[in-house]
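Below: one structure, written as structure tokens.
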Amino acid sequence: MAVTYMTEEGYNKILTEINYLESVKRPEISAQIAEARDKGDLSENAEYDAAKDAQGILEGKIAQLKNLISNARLIDEARIKTDVVQIMNKVKIKNLQNNVIMTYSLVSNSEANLKENKISVDTPIAKGLIGKKAGDIAEIKVPSGMVKFEILEISI
């Protein structure tokens, strides 16, 4: 798996999730399996099959999160600059076609959350903004065609 860059906050959030899954969800599923096993014949026990499936999904998620953490590189937020757009910047942009102004934080894939205006650096918009300065015009190819954005402000 490739190296994933993330903030200390994002890293700690994943560690917390791993801890919750291992210390709360895993015992819950184990109890469900034990309860279903006590009901008799396992070959025709839908509860047992469902609990085993849930266990497999849980273990897969735990493994995926641990793999993500093992390949994580923390970004030193003190070294983030605002002269050009880069990961961990907050970028205020203006869509020149409809004059809509948006502000996005550029983050790693694992921290992306559109509801919080955090977009992955791997998205077309973020890729088109990286390396640009305030005042620059970025022409970005998106699924609906080419869009021009003016970079109004870069902050942390």
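Please state the charge dipole magnitude for the stretch 117-156, taken about the Cα centre, from unit charges on C-beta atoms (+1 on K and R, -1 on D and E), reported in debye and rounded to the nearest 20.
I would put it at about 80 debye.
Please list ASP83, ASP136 from largest to smallest accessible area, probe radius 1.4 Å, with all protein chains kept in place.
Result of the area sort, largest leading: ASP83, ASP136.
Grab the beta carbon distance between LEU152 and SER30, set R0 = 41 Å, and tell me the FRET efficiency rounded to 0.05.
After rounding, the FRET efficiency stands at 0.20.
Nearest 500 deg cm²/dmol is fine: what mean residue ellipticity at 222 nm does the chain get from its DSSP H runs of n ≥ 4 alone, each adding -39,500 (n - 2.57), divided by its residue count?
Here the helix-only value at 222 nm equals -11500 deg cm²/dmol.
Rounded to the nearest 10 Å², what accessible area does SER110 show when all protein chains are kept and the probe is 1.4 Å?
For SER110, solvent-accessible area is about 50 Å².
How large is the dipole of the chain about the Cα centre if only Lys and Arg carry +1 and Asp and Glu carry -1, each at its Cβ, rounded to the nearest 20 debye?
Using only the charged Cβ atoms, the result is roughly 880 debye.
Quick one: angle between helix 26-37 and the longest Cα principal axis of the chain, in degrees between 0 and 90, rounded to 10, please.
Roughly 30 degrees between the two axes.
Considering the options VAL147, ALA34, ALA72, tell which one lies farthest towards the positive end of the dipole of the chain, charges being +1 on Lys and Arg and -1 on Asp and Glu at the Cβ, about the Cα centre.
Positive-most Cα among the choices belongs to VAL147.
Taking the solvent-accessible surface of protein heavy atoms with a 1.4 Å probe, what is the per residue accessible area of the stretch 16-131 in Å²?
61
Could you give the angle, 0 to 90 degrees to the nearest 10, between helix 46-70's Cα long axis and the longest principal axis of the Cα atoms of the chain?
Long axis of 46-70 versus the principal axis of the chain: about 40 degrees.
Express the carbon and sulfur contribution to the solvent-accessible surface of the chain as a percent, rounded to the nearest whole number, probe 1.4 angstrom.
50
The values are calculated or read from the model by the stated rules, or taken from the named source; none is laboratory data. For clarity, every value in this text was computed on a predicted model and none was experimentally measured. Quick reminder, even Gly has a Cβ in these numbers, built from the backbone with ideal geometry, and neighbours come from all protein chains shown. To get the accessible areas, we keep the full protein, side chains included, count just its heavy atoms, and leave off ligands, DNA and RNA. Shrake-Rupley method; radii C 1.70, N 1.55, O 1.52, S 1.80 Å.
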